Every structure is written in C-alpha cells, then in structure tokens.
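Right, one structure below, let's go through it.
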Amino acid sequence: MDTRREPQSERPSHFQHYAPLWRILIGLSIALLVAVFFFSPVVLTAFTTPIAAVGLDPLSTGLVTALFLIASAALTSAMVSRQRLGTVIGAGVTYSLSYVVPFLHQELLPHYDPGGHLEAFNASALVHTISVLLASGLLCAYLGATIGIALGEVLLDPIWQLAQLIWHTRLSSNQAKNQSSAGEKVRQRSSWHLFSAWAGLFTLLGLFLLSSGIGDLLFFSPDVGLHNSPAVATRGTLIADSMASPAFHEQRRSFLVYLPPSYRDAATQKRRYPTLYLLHGSPGSEYDWSRGGKAVQSADTLIGHGEIPELIMIFPDGNGRSGETSEWGNSFDQKQLMENFVALDLVRFIDQKYRTIPTAGYRAIGGFSMGGFGAMNIAVHHPDIFGSVISLAGYYTAEGSIWGQNAAYIQANSPAYVLPVNPHAWKLRIFLGAATKDQPYYADTQQFILELKALHLDYTFDLENGYHNWSIWEAQLYHALIWLQWREAESLTIYHALVKRK
C-alpha cells in the first residue's frame, strides 16, 4: 500500500481554505474604519448643516444624513475591498450604533404633548419603526457596496492587473501544480456561489419589503406614531367618507371626518357641534393632519381634559390635476373648482349629514403651507361661511400654474390683495402661525401681519422656534384649537334660536 503523503505544496494551505472568510473579515474591517470616519462629528456636521437648511426637523435631518453617509461609506469601502457582505455588515453595525441606538434611547424617554401632558408610548409602533430604519440602512449599504464594487472594477482593476502582470512568471509554476485539483475547486465554488446568490436575493427582497415604510418616516418624522395621546376617558372616532361634488361634475371626492367622543352616545343624539375644516399642504393627502399633525390626538386630549368643547373636524383631499398643485383654488380655466368644492359642496354635505352648527361663527377653516394659503384665500372669499381662519406657515399671494397668466385673476386669489378691499372679511377671527427658521413663509407672515395692523384688524400670532415641519404645526394646531374659544352652552342656544326662527 502506498503510504506516501501528498506533497505539502500540492495541498491547499490553511489560509487558502479559509480565504472567503478572510476576505469577508478584511471587507468588514475596512468598512468599519471608513464608516466610523464618515460618522465622526466633523463629517456629520458638514453634511447635516446643508440638509437642515432645507427646512427638515432635527429627526428627519438626522435620518437623511445617516442614510446618505451609510451609502457613501459602503461605496468607498467596497470599492477598495470588493467585498459586498463584509462591507454591508460593517457599515450596518456603524449605522446602528451611530443612529438607530441613539434614536431608540431618545424615543424611550418620556414625551409630552404641547400642553405638557404625558403621551402614551406605543411599543408595537417602535418595533416597526426600528425594523424600517434597520432595513433602510442595510439596503442603502447594499446599494452603496454594489456601486462601489462596479466603480472599483473600472477605476482600480487596471492597477491590480498591472501588478499581477509583473508577478505573472512567479505565479505560473504554482498554477501548474494546482491544475489537478482545479476541477474540484470550481465545483465547490459553483455550489457556494449558487447558495449565496439565492440567499442574497431573498435578503434583498426582505430589505425592500421592510424598508417600504421609510417614505412616511421621511415625509412626516421618524417618530411618527410612536407616542399616542395621553390617557383620557373617551376618544373620538376618525371615519372615511366621500361625496359626489357638483364642482367636479359629480366626481367623488374623499375626506376624513373626526367625530367627538359624545357624538354616538344615545343620550346626546340631538347635540350639535362646531366644525373645523383642515387643509393639507403639497404634496399631501387627507391623512396628513391626523398622522403628522396629530389633529385627532390633540382634540382627544383637549376634550378629555375639558380644555375645549367637542367639535367635528373635516380633512378633505385637495389633490387635483396631475402635475400641478391645486392651491385649494378655482383654476383660471374653471376646469378645477377646488374652492367651490370646499366652501360650497363639502360644507353643504357635512351640514346635511352630520350634526353641525351651520353658522359661520361656529365653522372654521385652517391649513399649513399650501393649505394655510388655501384656508386664508377661501376664508376672505367666504366670510359668511367661515367665521375663523387658521393659517400655519402660509403665504398670501397666489402662486402656481393654476392661476394662469392673468394678473387680475392672480390678485383676486391673493389674500394680501383681497382683504383690504373686502370689508366683509374684516370680521374674520384670524390665527397665524410661523417658525423662526422657516423661510420664505416666516417673512410672508410678517408682511401679512403688517397689513392686518394697517387695517386695524385683530389677530393672534403663534411663533415657534424651528423649521417648515410637522412638529411646529402640531404645536400650533394644539394652540389654535384652544384659541377657537367655542362656548358649548352658547353654541346650543344660538342653534336652537335659529331652528325656532325657521
């Protein structure tokens, strides 16, 4: 029996046997070093400052910065190491420790609403949010690593190939000796590549599915939905409704309705309520005020603590023709009558279907950004329908393509021009909101205030420190709900007097 041992040179070395693992570890190490540098305070500040200048709140700014940096770190490290798996793991660990863990720690601290009431913590929502954040970070790292490997092949491969060419003669003898075992190695590599390809595919699909909620976190705030309204005895109900609008040639328009806690009680079936119509910004939908602005949560809290009387809130959808904002107005070509839908069709429908107090004194309209403009524009056109108006981060001169090029029509839809020449609108109760770092909306609001002062009109101004974001509008809506000052007993007396008169 031949007991001769295989020559040491013909057997794969220990290093060669674990070469894939070593490559992963090398890629992981490079990724960790690069990612730690990218997430250093100096680099973070350099990227955070211009992003914050756009107007995002601190939480959203931090998320955008972290996702961008994790992709950049993965791209840089993968371009050098050519290791996708190690790069993604290393960059993902740094992203988790630098952003996700501090975010988790912050959200676990007690949170209070604008009135100082302790909010209830939503554990299930936090688990979902953390899953979305982790999946989004890993997906950004994966995409960055993939791009980095492709760039490395273009930019660095020629250099490596030149080095291999220089050492080619030295390596040729070893290649000849290892030809006998090449077939087995190819089969092993093929099996491993097949397994890793399928595993990578399913992992990537999972990351795509888990990160699908990142849009809401970026549009509203990373902490959206993590803290519910403080404990109250009863809560209102948010329902979806729709109507066929004559202003839109009987097209169905959707909206949400908030019904206060006592609305469905058998003991209060004849009770009627004031109404508040809240308009969203652009881009946006009827769900924005309830999700980002916590309108339902604020109403439940204030009603539950006896700080405001119960009310009905309506959240319409203001999206019109594709490719342009509706501005909540009647377009110059009269093909999109969004103002008529809100002021005439929707108000009439709500007053007929729900138990409202159908008077201007107990009907208000408000909004933020485009909705702030729309609320003021509709209010100054219809002071007989809306007695109070809330404009948060609004502007007061018409802008957008729906007004056409007609200067007279633009002025007729600019509250800054309409209010001085419409004395009927001077009876409006006006609540204005702005943020110190929210330009040009802060400047627009200041200019409109000068106009109100020149007309000797009363107004309330709520100035918050911050940007053009939901945390500001949440606080200002909270204050505006208290400002409305609807007196429940008086409202019922007025309504019953109107019924008897009819």
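The values are calculated or read from the model by the stated rules, or taken from the named source; none is laboratory data. It should be emphasised that the depicted structure is a prediction, and the values quoted were computed from it without experimental measurement. Neighbour counts are summed over all protein chains in view; Cβ atoms, including those assigned to glycine, are modelled from backbone coordinates with ideal geometry.
Contact map, segment 44-61: first residue more than 19 Å from residue 106 (Cα to Cα), second residue among the polar types (S, T, N, Q), Cβ cut-off under 7 Å, separation 6 or more or different chains; pairs are 47/65; 51/61; 51/65; 52/61; 55/469. Restricted to segment 352-372, and to residues that are buried (at least 24 other Cβ atoms within 10 Å of the Cβ) and within 18 Å of residue 470 (Cβ to Cβ), which residue is nearest to the chain's Cα centre (by Cα)? Out of the qualifying residues, it is 368. Just one of the numbered conditions (1) surrounded by fewer than 15 Cβ atoms within 10 Å (Cβ to Cβ); (2) in contact with a strand residue (DSSP E or B) (Cβ under 6 Å, 6 or more places away or on another chain); (3) under 21 Å from residue 385 (Cα atoms); (4) not small (Gly, Ala, Ser) is not true of residue 427: (2).
Could we say that residue 338 is over 30 Å from residue 222 (Cβ atoms), at pLDDT 95 or above and buried (at least 19 other Cβ atoms within 10 Å of the Cβ) here? Judged against the criteria, residue 338 is a match.
State whether the residues of segment 381-399 include one that is in the same structural domain as residue 253 (by TED's automatic domain parsing), surrounded by fewer than 24 Cβ atoms within 10 Å (Cβ to Cβ) and of a type in the set (Val, Ile, Thr). So far as segment 381-399 goes, yes, one or more of its residues are in the same structural domain as residue 253 (by TED's automatic domain parsing), surrounded by fewer than 24 Cβ atoms within 10 Å (Cβ to Cβ) and of a type in the set (Val, Ile, Thr). Residues of segment 355-396 that are β-branched (Val, Ile, Thr) and touching a Leu at 6+ places or on another chain (Cβ under 9 Å): 357, 359, 365, 378, 380, 385, 389, 390. The residues of segment 74-100 that are touching a helix residue (DSSP H, G or I) at 6+ places or on another chain (Cβ under 9 Å) and over 16 Å from residue 24 (Cα atoms), listed by number, are 94, 95, 96, 98, 99, 100. Among the residues of segment 228-272 satisfying the criterion of being polar (S, T, N, Q) and closer than 17 Å to residue 316 by Cβ, which is surrounded by the most Cβ atoms within 10 Å (Cβ to Cβ)? Going through the qualifying residues, I end up with 245.
Determine whether residue 323 is within 19 Å of residue 475 (Cα to Cα), under 27 Å from the mean Cα position of the chain (by Cα) and of a type in the set (Gly, Ala, Ser).
No; evaluated as a whole, the condition is false for this residue.
Do we find a residue being among the hydrophobic types (A, V, I, L, M, F, W, C), farther than 25 Å from residue 232 by Cα, out of contact with any Ser or Thr (no Cβ under 7 Å at 6 or more places or on another chain) and assigned by TED's automatic domain parsing to the domain that holds residue 208 anywhere in segment 110-130? The answer is yes; a qualifying residue exists.
Taking segment 109-180 as the region of interest, the helices (runs of 4 or more DSSP H) fully inside it that hold 3 or more residues being at pLDDT 90 or above and β-branched (Val, Ile, Thr) are 123-155.
For segment 247-257, the set of residues classified as farther than 13 Å from residue 353 by Cβ and touching a strand residue (DSSP E or B) at 6+ places or on another chain (Cβ under 9 Å) consists of 247, 248, 250, 251, 252, 253, 254, 256, listed by residue number.
A search for C-beta distances below 8 Å between a residue of segment 453-467 that is over 19 Å from residue 366 (Cα atoms) and free of Cβ contacts under 8 Å to residues at least 60 places away in the same chain and any residue that is among the polar types (S, T, N, Q) and surrounded by fewer than 15 Cβ atoms within 10 Å (Cβ to Cβ), counting only pairs 6+ apart in sequence or on different chains, returns 465/436. Checking every residue in segment 83-95 against the condition of being of a type outside the set (A, V, I, L, M), outside any helix (DSSP H, G or I) and more than 22 Å from residue 32 (Cβ to Cβ) gives zero matches.
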